[in-house]
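We did not get these values from a lab; they are worked out from the coordinates using the rules stated. Worth saying up front: this structure is predicted, and the values here are computed from it rather than measured. Every residue, glycine as well, gets a Cβ built from its backbone with ideal geometry; the counts of neighbours run over all protein chains shown.
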Amino acid sequence: AMVRQMANLRLGCASFFLPHKCSMDELKAMVRGGEGRSKVFNYSSKTKITLRNISMKNFLVAVSGVLNVQHVKSVPGAATYYGRSVRSPAHHVTVYLKAKPDSKKISVDVKASHEFIAQSFPEELSRAIAALPSIP
């Protein structure tokens, strides 16, 4: 029975990422490119998530765990995360969350170094948040 369960195990793209410390200045340089550096994030995707069973505070914490990304910076109504793949050469991902005050709708903007990563991360986050039990 255990082998059958393992055969059906599905790992999301985020399973192959690790939180990686990154300053906002380093992240901006990766987004912009320039000064002899190439742009790291050539692919992007966006989605909206409605928080039904989780508070905003707990959602912001859950993002790090679900997507294996490091919190970089928060300002009122927005948060930025960064992660790097475990394989070499590394792939990169940044997740930008934005919400209007007192809104349960979160705008999720993902930028990544590979198209599949950019498409996969918002889907994985949406599925994980929808599957959560009620967390006030």
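For the reader, a short list of remarks on this structure follows.
- In this label model, residue 115 and residue 51 are separated by 3.4 nm, measuring between points 7 Å along each Cα→Cβ vector.
- Fully extending the segment from residue 103 to residue 127, taken as 0.36 nm per residue of separation minus the present Cα-Cα distance, adds 6.7 nm.
- 3J(HN,Hα) from dihedral phi, region 85-99, Karplus parametrisation 6.51/-1.76/1.60, rounded to Hz, x for glycine, proline: 5, 7, 8, 10, x, 6, 9, 10, 9, 10, 10, 10, 10, 9, 9
- Positive-end residue, region 21-92 charge dipole about Cα centroid, Cβ charges, pick of 47, 67, 79: 47
- Contour minus Cα-Cα distance for residue 24 and residue 62 (0.36 nm per residue): 11.6 nm
- Inter-label distance, residue 31 to residue 87: 2.7 nm, where each label sits 7 Å from its Cα along the C-beta direction.
- From phi via Karplus (6.51, -1.76, 1.60), per-residue ³J(HN,Hα) for region 117-128 in Hz, x at Gly/Pro: 5, 4, 7, 6, 4, x, 5, 5, 5, 4, 4, 5
- Rounded to two decimals, the Cα-based Rg/Rh of the chain, with Kirkwood Rh, is 1.00.
- For the pair residue 44 and residue 78 in one chain, pulling the backbone fully straight at 0.36 nm per residue adds 10.5 nm over the alpha carbon distance.
- Within the chain, longest stretch clear of exposed trypsin sites (Lys or Arg not before Pro) (DSSP loop, no more than 10 other Cβ within 10 Å): 88-136
- Helical contribution to [θ] at 222 nm, DSSP H n ≥ 4, -39,500 (n - 2.57), averaged over the chain, rounded to 500: -10000 deg cm²/dmol
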